[in-house]
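The values are calculated or read from the model by the stated rules, or taken from the named source; none is laboratory data. Since the model is a prediction, treat every value here as computed from it, not as a measurement. Reconstructed Cβ throughout: ideal geometry from the backbone, glycine too, with neighbour counts over all protein chains shown.
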Amino acid sequence: MTTLPLGLVPRGLTREQAAEYCGCESLQAFDDWVRKRIVPGPIPGTKRWDRKAIDRALDRHSGLTEVTSLSWEEWAAQHAD
């Protein structure tokens, strides 16, 4: 249950929500996308995925935006252990 206004999507998504948001048919498929760096992992120190970071990653992989410099969050996500 959410108290967000109707139509407002939370920015911090659970793994299940992030998988669904990406259109993955299973959590394993989503985990594969994270492992292949198609989408970033969770926000460091959390178990939440940033919806906007997912959008940016998918835009880049789809060729909708040019690959330029990474944001701090994207760099940190790529260099996390």
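Restricting the first member to the stretch 39-63 and to residues that are touching a residue at least 40 places away in the same chain (Cβ under 8 Å), and the second to residues that are small (G, A, S), the beta-carbon pairs closer than 7 Å and six or more apart or on different chains are I54/A18. Just for the stretch 26-45: of the residues that are surrounded by 10 or more Cβ atoms within 10 Å (Cβ to Cβ) and in a loop (DSSP other than H, G, I, E, B), which one is farthest from the chain's Cα centre (by Cα)? Here the residue is P44. Scoring P10 on the criteria (1) surrounded by fewer than 16 Cβ atoms within 10 Å (Cβ to Cβ); (2) out of contact with any Asp or Glu (no Cβ under 8 Å at 6 or more places or on another chain); (3) at pLDDT 95 or above leaves a single failure, condition (3). Evaluation of I38 against the conditions (1) farther than 19 Å from A76 by Cα; (2) touching a helix residue (DSSP H, G or I) at 6+ places or on another chain (Cβ under 7 Å) shows that the sole unmet condition is (1). Any residue that is within 20 Å of V9 (Cβ to Cβ), surrounded by fewer than 17 Cβ atoms within 10 Å (Cβ to Cβ), at pLDDT 95 or above and under 13 Å from the mean Cα position of the chain (by Cα) - is there at least one of those in the stretch 73-81? Scanning the stretch 73-81 turns up no residue that is within 20 Å of V9 (Cβ to Cβ), surrounded by fewer than 17 Cβ atoms within 10 Å (Cβ to Cβ), at pLDDT 95 or above and under 13 Å from the mean Cα position of the chain (by Cα). R35 meets each of the listed conditions (1) out of contact with any Lys or Arg (no Cβ under 8 Å at 6 or more places or on another chain); (2) modelled with pLDDT under 95 apart from (2).
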